[in-house]
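For reference, the structure is listed below as structure tokens.
No value in this document is a laboratory result; all are computed from the given coordinates. The structure displayed is predicted, hence computed values, not measured ones. Ideal geometry is used to build each Cβ from the backbone, glycine not excepted, and the neighbour counts take in all protein chains shown.
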Amino acid sequence: MADEQNQAVPTFNIQRIYLKDLSLEQPNSPQVLLENAQPQVDINLTLAAEPIQEGLFEVSVTATVNTKVNEKTLFLVEAKQAGIFEIRNIPQEQLEGILGVVCPQMIYPYLRAIVSDVCTRAGFPPVLLTEVNFQAMFEAQQQARAQQEAGQQPN
């Protein structure tokens, strides 16, 4: 009977947070470094979550920072920070929110630090990723998914 009670208890634990992938490219160096124009910085974030095994999920946040000067790439940084989370006995509708909001919020500060550090070590000013409202992102994705499903249904 105690085993049955333990199985029903909601569980959320961080197993590990780690850097999964990191890339830095400076394809036009050193010539582009001599240009005095203001760089254009484009930042793209992507989230992913997938089950590893029963009750364990890998959640990752990837930042791609593409910096150009006069249409030439100054540098490109891509960093993927990930975490393994134990999540058990959570209703499906809550699980999606945990994977899409709570876990990325825990991972993101590590990603911000890594991107800033890599830029600095590459000889550039640090790129400081802004705070992200993962709740708003998640809600927008849910709304877009609902609209897409409603649009695909036959009338």
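Let me have the relative contact order for the chain, percent, based on Cα pairs under 8 Å that are six or more residues apart.
It comes to 24 percent, rounded to a whole number.
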Dipole check, the chain, charges on Cβ (K,R +1; D,E -1), about Cα centroid: among Gln142, Ile17, Gln92 the Cα furthest to the positive pole belongs to Ile17
Options (1) 1.11; (2) 1.55; (3) 1.07 for Rg/Rh (Cα atoms, Kirkwood Rh); the value derived from the coordinates is listed as (1)
Per GNM of the chain with C-alpha springs under 10 angstrom, the most fluctuating residue out of Pro126, Pro51, Pro91 is Pro91
In terms of the alpha carbon gyration tensor, root eigenvalues a ≥ b ≥ c, rounded if a/c is under 1.5 and otherwise prolate when a/b exceeds b/c or oblate, segment 9-79 is prolate
Karplus ³J(HN,Hα) for segment 107-112 (6.51 cos²θ - 1.76 cosθ + 1.60, θ = phi - 60°; Hz, whole; x = Gly/Pro) runs 7, 4, x, 5, 5, 4
Taking the chain and counting helices only, DSSP H stretches of n ≥ 4 at -39,500 (n - 2.57) each over all residues, the nearest-500 ellipticity at 222 nm comes to -10500 deg cm²/dmol
Residues whose built amide H sits under 5 Å from the amide H of Val132, excluding neighbours closer than 5 in sequence, are none
Magnitude of the Cβ-charge dipole (Lys and Arg +1, Asp and Glu -1) of segment 21-155 about the Cα centre, nearest 20 debye, reported as 320 debye
Per its Cα gyration tensor (rounded if a/c is under 1.5, else prolate when a/b beats b/c, else oblate), segment 65-155 is best filed as oblate
